[in-house]
Ligand SMILES: Nc1ncnc2c1ncn2[C@@H]1O[C@H](COP(=O)(O)OP(=O)(O)OP(=O)(O)O)[C@@H](O)[C@H]1O
Ligand SMILES: [Mg+2]
């Protein structure tokens, strides 16, 4: 089923006419009509917005074609939010050419995926495309490998992980691609996915330090800490929280309680209960 057919199903499921959906989503009715008829593919940002309006839990975004019209894959998931701060880390990612892999590490919700995906979507350094895998959703390295090979147009060879890993290497050998591996658990999970990538590069995100990969000598580690107060405040003030807490002192105290933790700040900004993390459990109350 293509994206347009799924959009029609969801719209009808919600009991909306095309006009009503267009009004709720703030877009032109022709966009809905053309998309449903398969004549148009909305941008990732518009698709993410339609997903939100129809409360589909990302169902439509998952159907976005993973190839741009010129045939170059771009599998990055849509990033809806503006990225505040992280200028220094952005520059470090820009120096990626010196290392085969960069591992972005830090605690849950600190902004690893946001940084990696935003940066990858802005870089023009990888003309042969960007492959993305959420290893939290698919942790099995063999299945990830066969999926990547499939995306590159290769049937997985017999001979298990070593043969597949070799094929991935040769498939990437003459390309300049970026591989984004998000939510890596441990070094074992990604070793077969990271043969010497030659001209291609990889960005990994992980809650763990993955020191073993750094010791292998091909990886640089980029550890994310809390956002500095001015960027924390920006994140907080760009949401409904401003309506509730217009008082500067109150905002300041909310920002300090969140300790520069983006997911907590975002939750506060949306007026939702905070996400409980071991050291910030108080916010959930
Ligand atoms: N620099 C930032 N500016 C604005 N919003 C941010 C920033 N960093 C993170 N966020 C927001 O904070 C939330 C958590 O970020 P993200 O999902 O990137 O964290 P993570 O470190 O990948 O977490 P996990 O370990 O659970 O995968 C998201 O809603 C994201 O939009
Ligand atoms: Mg993440």
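Quick rundown of the values:
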quantity	calculated
Choice from 255, 173, 55 showing the highest fluctuation, given a GNM over the chain with Cα pairs closer than 10 Å	55
Ellipticity estimate at 222 nm from DSSP helix runs (n ≥ 4, -39,500 (n - 2.57)) divided over the chain, nearest 500	-12000 deg cm²/dmol
19 Å cut-off, amide nitrogen to a point 7 angstrom out along residue 270 Cα→Cβ, residues in segment 219-235	227, 232-235
Ranked by how many other beta carbons lie within 10 Å on average, peptides 143-152, 12-21 from highest	143-152, 12-21
Binned Cα-Cα distance frequencies in segment 127-205 - 10 Å width, integer %	20, 59, 22, 0
When segment 42-173 is reduced to its Cα atoms, the Kirkwood hydrodynamic radius in Å	16.8
Share of alpha-carbon pairs per 10 Å distance bin for segment 3-63, given as whole %	26, 67, 7
Spin-label pair residue 174/residue 249, simplified geometry with 7 Å Cα→Cβ offset, distance in nm	6.9
Kirkwood-Stokes translational diffusion coefficient of the chain, alpha-carbon pairs, 4 °C, 1.567 mPa s, µm²/s	62
Protection proxy ranking of 126-133, 178-185 - average other beta-carbon atoms within 10 Å, highest first	178-185, 126-133
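Every number in this text was worked out from the coordinates using simple rules, so none of it is lab data. Everything numeric here is computed off the predicted structure, so don't read it as measured data. Heads up, the Cβs are rebuilt from the backbone with ideal geometry, glycines too, and the neighbour counts pull from every protein chain shown.
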